[in-house]
Amino acid sequence: MWKSLKTKRLALLIPQLILLSLLGACIPNAQHIDATAVQEGKALVVSGTSNLPDQTFLVVALVDPSQPTDMNKDVIVQEFVLVKDGAFKVTLTPWQPLAAGKYQLRVRFDPNSYDPSKGVVSAELGTKGEKLVGNQVVQQGDVKMLETKQEIEYKP
């Protein structure tokens with residue numbers, strides 16, 4: 001009897017959980033960053049789209065997930081790029097030879113970064129990112145950032 005009742009309750013909850021997860025993926029006005037990396041020789045050409053405002057300053061980094069994250073010891077190379085007309089493109093060229101393997105591509109908007117828009121981006125997204133919404137929002141202390149990460153395979 002107990003197993004039967006438990007199974008029935010679970011069966012009733014599953015559709016509700018699925019609906020909640022779908023709704024979470026479709027948050028109205030959610031900001032997003034989408035990026036892809038294509039290896040060209042030893043460099044990675046990273047291009048992407050975002051619905052962040054024009055002149056939003058993004059940090060694009062190639063990260064070694066086996067290294068400690070404190071003091072950015074995991075960052076192999078990073079570049080800065082601005083969103084323009086919903087898109088961005090930047091080339092990451094490691095300064096030292098890189099072994100073949102799995103690395104992480106990270107693209108992040110941090111409201112504490114430089115704001116070349118003269119306050120337009122801060123006004124729209126908040127000085128501490130408090131107006132950011134969506135499943136790519138990450139919290140560090142009292143600051144919200146927008147971040148996407150993906151594993152990439154590097155072949156020298």
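Length gain on complete extension for the stretch D70 to A30, per 0.36 nm per residue less the alpha carbon to alpha carbon distance? Kindly include the intermediate steps, with their values, before the conclusion.
Values: separation 40, 0.36 × 40 = 14.40 nm, distance 2.90 nm.
Additional length available on full extension: 11.5 nm.
Under a plain spin-label model, where a point goes 7 Å from the Cα along Cα-to-Cβ, how far apart in nm are T91 and V143?
Here the modelled spin labels are 3.0 nm apart.
Over 19 Å apart: what share of the alpha carbon pairs of the range 33-154 falls there, rounded to a whole percent? Can you show the working numbers first?
Details: 3426 of 7381 pairs.
Of the Cα pairs, 46 percent sit more than 19 Å apart.
Want the number for V38 to A99: 0.36 nm per residue separation, take away the alpha-carbon distance, what's left? All intermediate terms of the calculation are to be shown ahead of the outcome.
Working: separation 61, 0.36 × 61 = 21.96 nm, distance 1.68 nm.
Extending this stretch completely gives an extra 20.3 nm.
Of E130, E151, how do they rank once you tally other Cβ atoms within 10 Å and put the fewest first?
Fewest to most other Cβ atoms nearby, the residues stand as E151, E130.
Taking R0 as 30 Å, what's the FRET efficiency between F80 and V133 from their Cβ-Cβ distance, rounded to 0.05?
0.80
None of the figures in this text is laboratory data; all of them are computed from the coordinates on show. The structure displayed is predicted, hence computed values, not measured ones. Quick reminder, even Gly has a Cβ in these numbers, built from the backbone with ideal geometry, and neighbours come from all protein chains shown.
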